Amino acid sequence: MTQSARMAPEFTFVCPLPNGFHARPASHLANVANDFISESVLTNLRNGSVANIKSVLSIIAADIRWNDECSVRVHGSDEQVASSALRRFVGKDLPAFDEPLTNVLPDPTTGRLPRSLRSAGLKAYFGLPVSRGIARGRAVVLRTIEIQSEPLGRNGLEPIRESERVKQSVAATLSRIRGKLQGHVSGIEAGILQAHLAILGDVSFMNKLLERVEQGHSAARAVMDAGEFFSDLLRKSENPYTRERALDIQDICLELLEDVQGPRSSSSVELKEPSTIIAENLTPQQLLALDRKWISALVLESAGTTSHTVILARSLGIPTLVGAKNIGELAPGQDVLVDANRGFLLPESTDVVRRFYEREAKTLERRRAALASYAMRPAVTSDGRVLEVAANVSSAEELTTVFQNGADGIGLFRTEMLFLGREAAPSEEEQFQVYVEAVRAANGKPLILRTIDVGGDKPLPYLNLPQERNPFLGYRGVRMYPEHQELPEAQLRAILRASAFGAIQLMVPMVSAVDEILWIKARIAQVQEDLSSRSISFDRSMRVGMMIEVPSVAFILDQLGRELDFFSIGTNDLSQYFLAVDRDNSRVAGLSNAKHPGFLSFLRQIVAGVHKHRKWIGMCGDMAADLRNLPLLVGLGLDEISVPATEIPIVKERIARLTVPDCQKLLFEATRCQSVSAVESFLDRESNEASRSLLDRELVLLDGEIDSKEEAIRDIVDALYVQGRTDEPDRLEEAIWTRESIYSTGLGHGFAIPHCKTEVVNASSIGILKLPRPIDWGALDGEPVEFVILLAAREPDSNGAHLRVFSKLARSLMNEEFREQLLEAQDREAVLSQLNQQFEGTG
Amino acid sequence: MRIVAVTACPTGIAHTYMAAARLEKTAKDLGHEIKVETQGALGIENALSESDIRQAKVAIFAVDIGIEGRDRFKGVHIIEVPLREAITNTRAIFERIQG
C-alpha cells in the first residue's frame, strides 16, 4: 500500500438493501463515482471482494448482500469531495433503492397435466411458461457454448500486439453494435444491444482484458478469461436479475472471440423443419442466429425468467418454457409437444395426446371466434351505451397485435420507454419516426401519446436527476420539464410533426396545477409557430389532455376543463396519493385498493366534474384491467377504458351483457359499503355474469366424437369455456373429477350427472351431452352412459334460484318418463324444451 | 308405516335430491307414509318437526356426510345407509325395515 493510499479518505457502510446491491443501485453508485477524477475502491469485508466503484460490473461482482459491511477508499486529486459525495449517496440515497422481494415463482416441476391427460399415464417434463403457445416440433438439442471449449491460441505472445488486438476487437464490436442500433431493430433487440454497449464500455471489463494480455496470454484467451470471470461473478449474485446478465457477458465474449479469431465454424445450427430448441441455456445472439421460421418452441433448463433470451423469445412469439429439469435426456430428432399455456413438454405423442390437442385447438379457435365477434365491433352495453375500449402500450411494435385484438384506440402510449436504458436521449428525428410508425399503425384510430414521465423511480443517466427519498412525491413527470426544456421540446416537436399523419392526442403526466398546463400549452404554441414558419406540416387541432393522478386536480376541474380537451385517470398513482399508501411498501400495500368506497366516490366526482365541461374522460390504470371492476367503470360513465391488449376481446364481451342503470345502481351501493372487502364481496354477490341463465343453446352438445368419460367431461367443460362461463377450464375439470372420485355420478339407466361447486365458473351452468355411442362411466348400476348432464354451481354466491333448478332437475331424473323424453329428444330445441318444462315455476 | 328420512351428500346439489325423490316414490309405491328432509346446498328443506319424528316408526339416513340435528332422533329406530343405496337399491332399504 502506498503512502498516499493510506492517507486517502476511507469510510465504511453497511448494505441496507434486503435484496443486495443489484444492478440498479450499482449503476447509480458508479454514476456518482464517475463524476470525479479520483479512483474509488470498495472492499466487501464479508468476502474480501474488491470493486472499482466506477464499474457497475465490478460492484455487482463484489456480491454485496444485505447487512454486509463494506469499506470505501478514495484516492486522487479530488478525493475529499468524491469521498463525501459517495458517503452521502450510501448514507442517504442507497436505502431508497430497496425493491420488494422478487415474487417466488412456483416450482414448475410440481406441475400437473390436465386431468384428462393425467389418466393416460404420460411422461412429462414440466417447466415454467414464460411465453404462451402450444407447438409441436422435432427436438433440436443445442449444447451450451462453453467459452473454455474454444481453441485457446498460443501463449507467451507479445503483450503490446495482443492488447492492440483486444482494443481493436472491442472497438470493432462497439461500432458493429452501434451500427445495428441504427438499422432496423425491434425495441427489445435495441434494449439488449444497449446493455451490451454498457458492458463493453465498462472500465473493469476492459481492465480485465488488458490484465490478461499483459500476463502474456493471447487476445482470445483474455476474452475467454474475462468472460468466464465476470459471468461467474454475476452467477453468484443473490439477485436473479443480475445472475441472468451472465448470459449477456457470454454473448459479448463470443462476439469478441469471433473478432479476434474469425468466425467459428460449428457455431450455427441450420434448422430445416419445425423444431423445438432444447438447451441448458442460450445467449440472445444464439437465438437470433437460428431461423425463426423453423423455431416452434424453446425449452431451457435454466430457470431465469428475465434473461434477454427470454425477453426476445417472448417478443418473437415463441412458446417458451424455462426451468425444465432433465431435458438433456431427450433424444435429438424426437417429435415433442410443448404446451407453454400450461407449462410442460410431452415427449411422446399417443392417441390420447393427439385427440386432446386436436380438441384443444378447436376449442381455442371457437373461443377466439366467439370473442372476435365482440372484439371487432365497438363495445356496447345491452341497453346501447358505447364505451371505447383502448389499449396501453409502450412501443410502436406492439400496435399491430393490439389492433388485431380489437382495440378502439391507444389510450396510453408510454413514451418514456424510448428514453430509458440508454446513454443519451433519443433525438427528435428518432422520436418522430417512432410516433409516425405508431400513428400509421393506428390507421385513423385515436392515439394518445403520454409525454415523458420519468423521475426518481425511473432515472435517466443522462439527466443527472438527484436521488430522492420518496420519488413518487418528488421531481417527476411534468415537474421536471421546465428545468430540462430540451427534453419536452424535442418531444413536442416530434409529436406535432407526427400529428400530420393521423389522430394523435397529447397527454401530460403528473399535473397538479393549472400553471403546468399553461406552460405546456405555451411551449406547444411556440413549436407550432416555428413549424409553420418552416412550412412543416402538423395538425393544428391536435387534442391536448392530461392524466388525473394527483388528487388536487379533482378540485380544479373547472379551470382545467377550460384549457384541455380530455382527461385520463391513472388509477395506480391516483389511488396511492389519495389513500396515502406507498404501493412498494409491503406493510401498507394492502391498503391501496381502487375499490375503497371513498375512492369510488372520488372517481364519481371526477367523471361528473369533467363531463360538466362536456370533455372526454378515460381511465388507463390497473383498475380498468380487472374484469370484476367493469360494472363500476360502466357505472362511472367513463368514455373510454384503456386495458392490456389481450384483455380487450373479453372486456367487450362482458360489457355487452351489462346495462347502464344496473351498473349505476351497483356503483352507488358500492360507494356506501363499509370497506374494500365489503365492496369486493358485494361485487361478487351481485356479479352480472352470475345472473346469466343456467343453460343456453350452445351448452347442449349432441354430436361429439367422444371415446371416454374423460373426453365427455372435457367436452362439456370446453363448451362452458367457449361461452365465457369459465376462464379456467383445467380447474373446472379438476373440480368435477374431485367429486367424481367420491363415487361415480353415473346414476343408472344410462344417465350421469357430474357436478361441482366451484369458484372457477363465472355463472352457474348446466351442460348437456348426448352421446352417439354409450361409454363406461363406472355407473352405480354398471350400465354404460349415453346422456350426461353437468351441473356447475358458482361459489360463493350459490344463487338460491339456480340451486333450486339443480335440485328440481336432480329429482326429475329419478322419473323414468322424463329420462325417456330426454333420450328421445333429437335436437337442441327438443332437449331445451324438455328441460325448460321441468324448470317452470322454479326461480 | 310412518317413516322419516334425511338425505345429504358432499356437494349438496344433486344426489341429496335424487335420493329424496327415490325414497318418496318407493315409499308411496309400497304404501308407506314418508317425509324426507334434505340437507343440501340450499340448506335444510322440508325440515322434520319434533312431532314428525315422534310419530315415525323408523328414520332412514341416506347420507355421505355428517348431518345437522342428529340428536333430534334420540330413541328412534335409525337405519343409516350410504346415499347411493337410496338411489340404486331403494327397495332393499324398505325391505330391511319390514324385515
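Return one number: the angle in degrees, 0 to 90 and rounded to the nearest 10, between the long axis of the Cα atoms of helix A:676-685 and the longest principal axis of the Cα atoms of chain A.
That works out to roughly 40 degrees.
Beyond 17 Å, what percent of the Cα pairs of segment A:615-731 remain?
Roughly 64 percent, once rounded to a whole number.
When the chain is fully extended, how far beyond the present Cα-Cα distance does B:N46 get from B:I78, taking 0.36 nm per residue of separation?
9.6 nm
Under the classification rounded if a/c is under 1.5, otherwise prolate if a/b is larger than b/c and oblate if not, where does segment A:380-439 fall, given a ≥ b ≥ c as square roots of the Cα gyration tensor eigenvalues?
Verdict is prolate for segment A:380-439.
Restrict the search to segment A:408-502; then list the GluC sites (Glu not before Pro) that DSSP places in a loop and that have at most 14 other Cβ atoms within 10 Å of their Cβ.
Working: sites: A:E416, A:E423, A:E428, A:E429, A:E430, A:E437, A:E468, A:E483, A:E486, A:E489; in loops: A:E423, A:E468, A:E483.
Counting only loop positions with at most 14 other Cβ atoms within 10 Å, the GluC sites (Glu not before Pro) in segment A:408-502 are A:E423, A:E483.
Check cross-link reach from A:K595 to the aspartates and glutamates: straight Cα distance under 13 Å, and skip same-chain residues fewer than eight apart.
A:D622, A:D626, A:E669, A:E680, A:D684
Arrange A:I517, A:I504 by Cβ neighbour counts within 10 Å, fewest through most, would you?
Fewest-to-most ranking of A:I517, A:I504: A:I517, A:I504.
Could you order peptides A:709-717, B:51-59 by the average number of other Cβ atoms within 10 Å of their residues, highest first?
Packing proxy ranking, top to bottom: A:709-717, B:51-59.
Which three extents, in angstrom, do the Cα atoms of segment A:366-513 have along their principal axes, listed largest first?
Computed over the Cα atoms, the extents are 52, 33, 29 Å.
What is the pair-distance distribution P(r) of segment A:174-239, computed from all Cα-Cα distances in 5 Å bins starting at 0, with each bin given as a whole percent?
Here the calculated profile for segment A:174-239 is 3, 16, 19, 19, 18, 14, 8, 2, 0.
Round to a whole angstrom and tell me the spacing of the C-alpha centers of segment A:186-258 and segment B:77-97.
With segment A:186-258 and segment B:77-97 each reduced to a Cα centre, they are spaced 77 Å.
Peptide A:799-812: average number of partner chain Cβ atoms within 10 Å per residue?
Mean number of neighbouring Cβ atoms from other chains: 5.
Which value in Å does the Kirkwood hydrodynamic radius of segment A:708-843 take, with 1/r averaged over all unlike C-alpha pairs and then inverted?
Hydrodynamic radius (Kirkwood, Cα only) of segment A:708-843 equals 15.1 Å.
Taking each residue of A:415-422 in turn, how many C-beta atoms of other protein chains fall within 10 Å of its C-beta, and what is the average?
Mean shielding count: 0.
So if I place +1 on the C-beta of Lys and Arg and -1 on the C-beta of Asp and Glu, and nothing else carries charge, what would the dipole magnitude of chain A be about its Cα centre? I want it in debye, nearest 20.
Details: 94 positive and 114 negative charges, 178 e Å.
I would put it at about 860 debye.
So, R0 is 30 Å and r is the distance between the beta-carbons of A:E423 and A:D565; what FRET efficiency does that work out to, to 0.05? Please report the intermediate quantities before stating the final value.
Numbers: r = 36 Å, r/R0 = 1.19.
Computed FRET efficiency for A:E423 and A:D565 comes out at 0.25.
Give, rounded to the nearest 20 debye, the magnitude of the charge dipole that chain B has about its Cα centre when Lys and Arg contribute +1 at Cβ and Asp and Glu contribute -1 at Cβ.
The dipole of chain B has a size of about 240 debye.
Any idea what the alpha-carbon Rg over 2.2 N^0.38 Å comes to for segment A:791-840?
1.25
Excluding same-chain residues fewer than 8 positions from A:K521, which lysines have a Cα within less than 18 Å of its Cα?
Within the straight-line limit of under 18 Å, A:K521 reaches these lysines: A:K615.
Taking segment A:588-664, which trypsin sites (Lys or Arg not before Pro) meet the DSSP loop condition and have no more than 10 other C-beta atoms within 10 Å?
Details: sites: A:K595, A:R604, A:K612, A:R614, A:K615, A:R628, A:K652, A:R654, A:R657; in loops: A:K595, A:K612, A:R614, A:K615, A:R657.
Those satisfying the criteria are A:R614.
Listing A:M623, A:M507 from the residue with the fewest other Cβ atoms within 10 Å to the one with the most, what is the order?
Neighbour counts put them in this order, fewest first: A:M623, A:M507.
With the crude spin-label approximation of a point 7 Å out along Cα→Cβ, what separation in nm comes out for A:E158 versus A:S77?
Once both label points are built, they end up 3.4 nm from each other.
Return the equivalent ellipsoid semi-axes of segment A:753-803 as a descending list in whole Å, where each equals the square root of 5 times an eigenvalue of the C-alpha gyration tensor.
26, 11, 8
Gap in Å between the Cα centre of segment A:35-83 and the Cα centre of segment A:534-604?
Centre-to-centre (Cα) distance: 42 Å.
R0 = 51 Å: FRET efficiency of A:A525 with A:A289, Cβ-based, nearest 0.05?
Efficiency for this residue pair is about 0.50.
Specify the angular offset, from 0 to 90 degrees and rounded to the nearest 10, of the alpha carbon long axis of helix A:514-533 from the longest principal axis of the alpha carbons in chain A.
Between the helix axis and the principal axis of chain A, the angle is about 70 degrees.
Give the aspartates and glutamates reachable from A:K445 as a straight Cα distance under 12 Å; neighbours fewer than 8 places away on the same chain don't count.
Output for A:K445: A:E388, A:D408.
Taking chain A as the reference, fit the longest principal axis to its C-alpha atoms, fit the long axis of helix A:187-200 to the helix C-alpha atoms, and give the angle between the two in degrees, 0 to 90, nearest 10.
So the helix axis and the longest Cα principal axis differ by about 30 degrees.
Hey, how much of the P(r) for segment A:450-604 falls beyond 18 Å, as a percent of Cα pairs?
62
Using 13 Å as the cut-off for backbone N distance, which residues of segment A:813-843 belong to the label zone defined by a point 7 Å from the Cα of A:D781 along Cα→Cβ?
A:813-820
Roughly speaking, what is the centre-to-centre gap between segment A:357-419 and segment A:628-694 when only Cα atoms are used, to the nearest Å?
With segment A:357-419 and segment A:628-694 each reduced to a Cα centre, they are spaced 19 Å.
Evaluate the Kirkwood expression for the hydrodynamic radius of the protein assembly as shown, namely the inverse of the mean inverse distance over all pairs of different C-alpha atoms, and round to one decimal in Å.
This gives a value of 32.6 Å.
Taking each residue in B:42-54, count the Cβ atoms of any other chain within 10 Å of its Cβ, then average. What number comes out?
1
How many percent of DSSP beta bridges within chain A run antiparallel, rounded to 5?
Working: 40 of 88 bridges.
Around 45 percent antiparallel, to the nearest 5.
At a Förster radius of 56 Å, what calculated FRET efficiency corresponds to the Cβ-Cβ distance of A:D703 and A:A589, to the nearest 0.05?
0.65
Translational D (Stokes-Einstein, µm²/s) of chain B at 37 °C and 0.692 mPa s when Rh comes from the Kirkwood sum over C-alpha pairs? Before the final figure, lay out each step's value.
Values: Rh = 13.1 Å.
Reported coefficient: 251 µm²/s.
So which of A:K92/A:K208; A:K92/A:K236; A:K123/A:K293; A:K362/A:K808; A:K167/A:K236 end up more than 30 Å apart by C-alpha?
Exceeds cut-off: A:K92/A:K208; A:K362/A:K808.
Suppose the chain between A:E10 and A:A678 were pulled fully straight at 0.36 nm per residue; how much longer would it get relative to their current alpha carbon spacing?
Extra length available between A:E10 and A:A678 comes to 234.8 nm.
Kindly provide the helix-only [θ] at 222 nm of chain A, computed as the sum of -39,500 (n - 2.57) over DSSP H runs of four or more divided by all residues, to the nearest 500 deg cm²/dmol?
-12500 deg cm²/dmol
I want to make sure I understand the PRE zone here: with the label point 7 angstrom from the Cα of A:S186 toward its beta carbon, which residues in segment A:390-410 have backbone N atoms less than 19 Å away?
Flagged as within label range: A:392-406.
Run the simple label-point estimate for A:V386 and A:N47 please: 7 Å along Cα→C-beta, distance reported in nm.
6.1
What ranking do A:S373, A:S131 get, fewest neighbouring Cβ atoms within 10 angstrom at the top? Provide the component values of the computation, followed by the final result.
On the way: A:S373 13, A:S131 20.
Placing the least packed residue first, the sequence is A:S373, A:S131.
The numbers here are math on the coordinates, done by the rules we state, and not lab data. Keep in mind the model is a prediction, meaning the values are calculated, not measured. Counting neighbours? That spans all protein chains shown, and the Cβs are built from the backbone with ideal geometry, glycine included.
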